[in-house]
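Contents: one structure, followed by commentary.
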Amino acid sequence: MRDTDRALVQAASAVAKLRCRSAAHTLATAARTAEGRVVSGVNVVHDSGGACAEVIAVGTAATQGVHDLETIVTVGDRGRSLVTPCGPCRRLLAELFPELRVIVGPVDDPRVVPVTGLLEP
Ligand SMILES: [Zn+2]
C-alpha cells in the first residue's frame, strides 16, 4: 500500500458516506490515474438490474477523457469494508485496464492485487 492507495480508500469512503444514502446507492468506487487524477462513481440498484459502482466509475472516467486508470477501490456504505469487484467487473476492468491495481481486503488491513490476479484461471 502506497500513501496514494490509502488516499484513494479515503476518497471512496468519503463518496460512500456522502452519496450512498439510499437503497439505490450502496457502494462507492474511486479510481486513480498514474498522474493522480481521481474519478469516482456509485452503484445504481434497481429491480431490473442496475449497475456496479466500478462500471459507473469507468464510465465517468471515459466521459472525462480518462483512459488510463492505475488503481481502483470500492467501499460499502455505512462504514462497511472494502468490496472486491464482482466477476463481470473483474473481466471488464482486466480487459480495459490490464495493468490495473485493485485494493482489497479489510479496511483496517487492505492490500493491493493485480486485476489479473482476481480472474478465474
Ligand atoms: Zn460488478
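Points to keep in mind about this one:
- Just one of the listed residues (A16, A12, A31) is part of a strand (DSSP E or B) and touching a strand residue (DSSP E or B) at 6+ places or on another chain (Cβ under 9 Å), namely A31.
- Matching entry among E35, E54 (being open to solvent by less than 20 Å² (accessible area, probe 1.4 Å) and either under 19 Å from P114 (Cα atoms) or at pLDDT 95 or above (or both)): E54
- Qualifying residues in segment 72-101 (those that are in contact with a helix residue (DSSP H, G or I) (Cβ under 6 Å, 6 or more places away or on another chain) and over 15 Å from A28 (Cβ atoms)) - the one most open to solvent (accessible area, probe 1.4 Å): R90
- Condition broken by S40, with the remaining ones in (1) assigned to a helix (DSSP H, G or I); (2) under 16 Å from L93 (Cβ atoms); (3) polar (S, T, N, Q) satisfied: (1)
- The number of residues in segment 81-119 being within 16 Å of the ligand (Cβ to nearest atom) and in contact (Cβ under 8 Å) with a residue 60 or more places away in the chain comes to 2.
The values are calculated or read from the model by the stated rules, or taken from the named source; none is laboratory data. Quantities reported herein were computed from a predicted structural model and do not represent experimental measurements. All Cβ positions, glycine included, derive from the backbone under ideal geometry; neighbour counts span all protein chains shown. With ligands, DNA and RNA removed, areas are computed over all heavy atoms of the protein, side chains included. Shrake-Rupley method; radii C 1.70, N 1.55, O 1.52, S 1.80 Å.
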